[in-house]
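The values are calculated or read from the model by the stated rules, or taken from the named source; none is laboratory data. Fair warning: this is a prediction, and the values are worked out from it, not measured in the lab. Cβ sites come from the backbone with ideal geometry, for glycine too, and all protein chains shown count toward neighbours.
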Amino acid sequence: MKAGFWVAPEGAEEAMTIMPIGFEPLTESGKGRTASGALSLLATGKAEDLIEHCPRVAKMLPDIAVALDVQKENEGGRLFDLTDFSADEILLFEGVLGEGEVAGVVALPDGVTAQIQESTMAGLWRVRFTDRQEKLLADYLEVSRLPEIARRAALVNNQPLIYGAPPLGAMNVMPLLKEIESHSEAHQPGQPTHTITFTLLPMSSEDMEFLQLCLGSGAVRLVSTGYGSCRVHSTATKNVWSVQFFNSMDQIILDTLEIGDAPAAACAADEDFRDSAQRLREIDEAYFR
């Protein structure tokens with residue numbers, strides 16, 4: 001069994017499958033389609049034909065750049081609906097966006113799944129909703145710190161932190177649960193995050209198993225490669241996230257709980273929005289004007 005807060009059954013290779021359905025897996029270097037790879041389509045004759053026959057894409061790009069320019073990390077985002085766009089229009093948008101450092105899935109009721117993929121422009125996300133038969137329900141771009149569906153699902157699906165007597169072999173789980181409970185209930189949006197680092201605590205396997213049982217598993221699973229390899233999972237407890245960092249051998253080097261808003265490792269910051277707006281305008285000017 002792998003060490004860490006989220007553990008896999010004996011013999012399993014991955015603690016959780018967190019790559020979104022329908023997206024290419026991230027490479028070891030950290031991206032699927034990289035910035036240069038994304039732009040390679042735009043440099044072809046096929047892209048010239050797509051641009052000519054997809055005026056809605058060219059029309060939308062300046063509006064997205066404006067949204068990025070004015071977006072702030074502590075404010076709600078803006079959506080750009082792609083649901084009724086043609087296959088050619090989607091292909092052209094994918095050539096512009098590429099695949100960035102953060103991807104994930106959100107499990108929703110009735111078998112609906114939200115697939116999340118950050119573009120190569122931080123703070124600009126692709127979000128796709130599919131049902132259990134993988135039928136597309138919605139497809140849009142979102143300019144935000146983290147897609148609203150991820151933040152909302154992490155809060156809506158939480159439950160009170162209830163725990164009974166500790167199991168035999170427990171060492172420090174009870175005071176840790178009281179600490180988590182206190183910070184979970186007291187946290188207000190925008191306040192600093194409280195971090196618990198397991199690699200600094202003497203925790204038995206019984207402690208970890210009981211802690212995981214009490215906190216429960218949440219609906220949001222994200223992977224980020226912007227800070228090395230980082231996996232983020234919401235728990236079923238309000239404001240509590242598991243954040244784990246891995247080395248190149250897929251071994252945990254930092255295992256934490258963050259109590260607060262969505263972890264920074266998966267989120268865009270104010271400077272990201274400004275940089276992304278400039279980059280999108282450069283693409284727009286170079287290929288669409």
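Among residues belonging to the range 90-110 that are under 23 Å from residue 217 (Cβ atoms), touching a strand residue (DSSP E or B) at 6+ places or on another chain (Cβ under 9 Å) and not in a loop (DSSP other than H, G, I, E, B), point out the one that is modelled with the lowest pLDDT. Steps first, answer last, please.
Our first condition is that a residue be under 23 Å from residue 217 (Cβ atoms); within the range 90-110, this holds for 102-110.
After this cut, where a residue has to be touching a strand residue (DSSP E or B) at 6+ places or on another chain (Cβ under 9 Å) as well, the list is 102-108.
With the extra rule that they be not in a loop (DSSP other than H, G, I, E, B), the set shrinks to 102-107.
Numbers: 102: 94, 103: 93, 104: 93, 105: 93, 106: 93, 107: 90.
Selected residue: 107.
Given (1) more than 25 Å from residue 84 (Cβ to Cβ); (2) modelled with pLDDT of 90 or more; (3) out of contact with any Cys (no Cβ under 7 Å at 6 or more places or on another chain); (4) of a type outside the set (D, E, K, R), identify the lone condition not met by residue 133.
That leaves (1) as the condition not met.
Name the pairs whose Cβ atoms lie under 7 Å apart, with the first residue in the range 193-204 and without any contact (Cβ under 8 Å) to a residue 40 or more places away in the chain, the second surrounded by 13 or more Cβ atoms within 10 Å (Cβ to Cβ), and 6 or more positions between them or separate chains?
Filtered contacts from the range 193-204: 201/172; 202/171; 202/172; 203/171; 203/172; 204/170; 204/171.
Find the residue count for the range 247-286, including only residues that are assigned to a strand (DSSP E or B), hydrophobic (A, V, I, L, M, F, W, C) and within 20 Å of residue 188 (Cβ to Cβ).
Looking only at the range 247-286, we keep the residues that are assigned to a strand (DSSP E or B), and these are 252-259.
Narrowing further to those that are hydrophobic (A, V, I, L, M, F, W, C): 252-254, 257, 259.
Then drop every residue that is not within 20 Å of residue 188 (Cβ to Cβ), which leaves 257, 259.
So the answer is 2.
Looking only at the range 67-89, filter to residues that are closer than 15 Å to residue 118 by Cα and aliphatic (A, V, I, L, M); which one of those is modelled with the highest pLDDT?
Selected residue: 68.
Can you report the number of residues in the range 107-155 which are under 30 Å from residue 184 (Cβ atoms) and in contact (Cβ under 8 Å) with a residue 12 or more places away in the chain? Working first, answer last.
From the range 107-155, those under 30 Å from residue 184 (Cβ atoms) are 107-118, 122-123, 125, 127, 129, 142-155; that's our starting set.
Right, trim to in contact (Cβ under 8 Å) with a residue 12 or more places away in the chain and you get 107-108, 110-118, 122-123, 125, 127, 129, 142-151, 153-155.
Looking only at that region, the number is 29.
Is at least one residue of the range 235-251 in contact with a Cys (Cβ under 6 Å, 6 or more places away or on another chain), free of Cβ contacts under 8 Å to residues at least 24 places away in the same chain and surrounded by 14 or more Cβ atoms within 10 Å (Cβ to Cβ)?
Within the range 235-251, the first condition is being in contact with a Cys (Cβ under 6 Å, 6 or more places away or on another chain), and the residues that meet it are 245.
Applying the additional criterion that residues be free of Cβ contacts under 8 Å to residues at least 24 places away in the same chain yields 245.
Now restrict to residues that are surrounded by 14 or more Cβ atoms within 10 Å (Cβ to Cβ): 245.
Checking the range 235-251: at least one residue is in contact with a Cys (Cβ under 6 Å, 6 or more places away or on another chain), free of Cβ contacts under 8 Å to residues at least 24 places away in the same chain and surrounded by 14 or more Cβ atoms within 10 Å (Cβ to Cβ).
Quick check, is residue 83 closer than 30 Å to residue 221 by Cβ and not small (Gly, Ala, Ser)? Explain how you work it out, then say what you get.
On the way: closer than 30 Å to residue 221 by Cβ: yes; not small (Gly, Ala, Ser): yes.
Judged against the criteria, residue 83 is a match.
Going by the structure shown, is residue 166 more than 18 Å from residue 241 (Cα to Cα) and out of contact with any helix residue (DSSP H, G or I) (no Cβ under 7 Å at 6 or more places or on another chain)? Please lay out each step first, then the result.
On the way: more than 18 Å from residue 241 (Cα to Cα): yes; out of contact with any helix residue (DSSP H, G or I) (no Cβ under 7 Å at 6 or more places or on another chain): no.
So residue 166 fails the test.
Residue 268 is checked against (1) touching a residue at least 60 places away in the same chain (Cβ under 8 Å); (2) within 30 Å of residue 167 (Cβ to Cβ); (3) not charged (D, E, K, R) and fails just one. What number does that condition carry?
(2)
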